[in-house]
Amino acid sequence: NELEIRFPYSIMSKNYFDKFKYVTNSETTKVFKEISQYIPLDELDNTKYSKNFIRILKKNKNFHTVQSLEKKDIINFYKILEKNLVKHDTKPTHSIEELNYLIENLNDDFDLFVTKNLEGKIISASLVMKLDSKTVHSFYFCTDYDFIKSSPLINTIDFIAYKYKSLGFKNYSLGISTEKKGMVVNGNLNSFKEKFNTLATIRETYLIKIP
């Protein structure tokens, strides 16, 4: 039998679990480390993004991002998310019913941000959850593939970062950039996130053998 314990990101957990980590040993425990990127909001400055991202933000001025909990926006967001994940032969962690439940019952902890074109069509979006009083995390990202060349997700992320900076948050997590419990780095995904002038944070998972 094995017990799997997944700790919060290191930007949150700090040294809170050091005593637990100390009493584990290599004979009983296997540790997986995943890397994530986050934007330190006290240092947020979109003129320090990559040159290409700065150019895209200027080019995409006709796109606008809003915070929305409208049913139609949630449904359209989920449809785009499903299409994105089909390409990777997977599905969203939550069903649309579960997602609606979370948003309706934990609306102080979840926010949906959608980026729309001039016709009001959602072209990218992110579901954000508050992890604690200092850190927010994008649980889902999605982009309408018809607009992929315009990279509207850059607008979405930029808007979210400035939104939560204005609310006093310190960290905006863009999520894990690794696969297979951290054994493989998704180079393209990691590179995309680093272009927001991000820092790295580690998330550890302990797999403990139970006698």
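The values are calculated or read from the model by the stated rules, or taken from the named source; none is laboratory data. Fair warning: this is a prediction, and the values are worked out from it, not measured in the lab. Reconstructed Cβ throughout: ideal geometry from the backbone, glycine too, with neighbour counts over all protein chains shown. Note: accessible area is taken over every heavy atom of the protein model, side chains too, but ligands, DNA and RNA are not part of it. Shrake-Rupley method; radii C 1.70, N 1.55, O 1.52, S 1.80 Å.
Miscellaneous remarks
- For region 91-195, the tally of Lys pairs with Cα-Cα distances below 15 Å comes to 7, considering only residues 8 or more apart or on different chains.
- Hydrodynamic radius of region 73-187 by the Kirkwood approach over all distinct alpha-carbon pairs: 15.0 Å.
- Accessible surface of ARG203 - all protein chains present, 1.4 Å probe, nearest 10 Å²: 50 Å²
- Mean ellipticity per residue at 222 nm, deg cm²/dmol - from DSSP H runs of n ≥ 4 across the chain, formula -39500 (n - 2.57): -9500 deg cm²/dmol
- Anisotropy class of region 143-211 from Cα gyration tensor, a/c 1.5 cut: oblate
- Within the accessible area of the chain (1.4 Å probe), percent carbon and sulfur: 52 percent
- The Cα atoms of region 16-102 give a gyration tensor whose axes a ≥ b ≥ c have a/c of 1.5 or more with a/b no greater than b/c, which makes the shape oblate.
- Nearest-10 value in Å² for the accessible area of ASP146, using the 1.4 Å probe: 130 Å²
- If you bin all the Cα-Cα distances of region 1-56 at 5 Å, starting from zero, the percentages per bin are 4, 11, 18, 18, 12, 9, 8, 8, 7, 4, 1.
- Each Lys and Arg adds +1 at its Cβ and each Asp and Glu adds -1 at its Cβ; summed about the Cα centre, region 1-127 shows a dipole of about 840 debye.
- Along the chain, counting only GluC sites (Glu not before Pro) with a DSSP assignment other than H, G, I, E or B and at most 14 other Cβ atoms inside a 10 Å radius, the longest segment between sites is 120-211.
- Sites LEU69 and TYR22 - FRET efficiency at Förster radius 35 Å, r taken between beta-carbons, to 0.05: 0.20
- Database remark: amide H of ASP109 closer than 5 angstrom to no amide H (H placed geometrically; neighbours at sequence offset of 5 or more, or on other chains; Pro and chain starts carry no H).
- Under 5 Å between amide hydrogens, built in the peptide plane, is the criterion, and for ILE123 it picks out THR115, LYS116, ASN117 among residues at least 5 positions away or on other chains.
- Accessible area in square angstrom per residue, region 21-112, 1.4 angstrom probe: 67 Å²
- Each residue of region 15-24 was assigned a 3J(HN,Hα) from its phi angle through the Karplus curve 6.51 cos²θ - 1.76 cosθ + 1.60 (θ = phi - 60°); the sequence is 10, 5, 10, 5, 5, 4, 5, 5, 7, 7 Hz, with glycine and proline shown as x.
- Accessible area expressed per residue, region 169-211, with surrounding protein chains retained (probe 1.4 Å, Å²): 53 Å²
- Annotation for region 88-152: trypsin sites (Lys or Arg not before Pro) lying in DSSP loop with at most 14 further Cβ atoms inside 10 Å of their Cβ are LYS121, LYS134.
- The Cβ shell under 13 Å around GLU98 holds other residues with a net charge of -1, Lys and Arg each +1, Asp and Glu each -1.
- Computed over protein heavy atoms with a 1.4 angstrom probe, the accessible surface ordering of LEU112, LEU199, largest first, is LEU199, LEU112.
- Using θ = phi - 60° and Karplus 6.51 cos²θ - 1.76 cosθ + 1.60, couplings along region 189-194 (whole Hz; Gly, Pro as x): 5, 5, 5, 4, 5, 5
- Option label - mean projected area of the Cα convex hull in nm² computed here, alternatives (i) 15.3; (ii) 12.6; (iii) 13.2: (iii)
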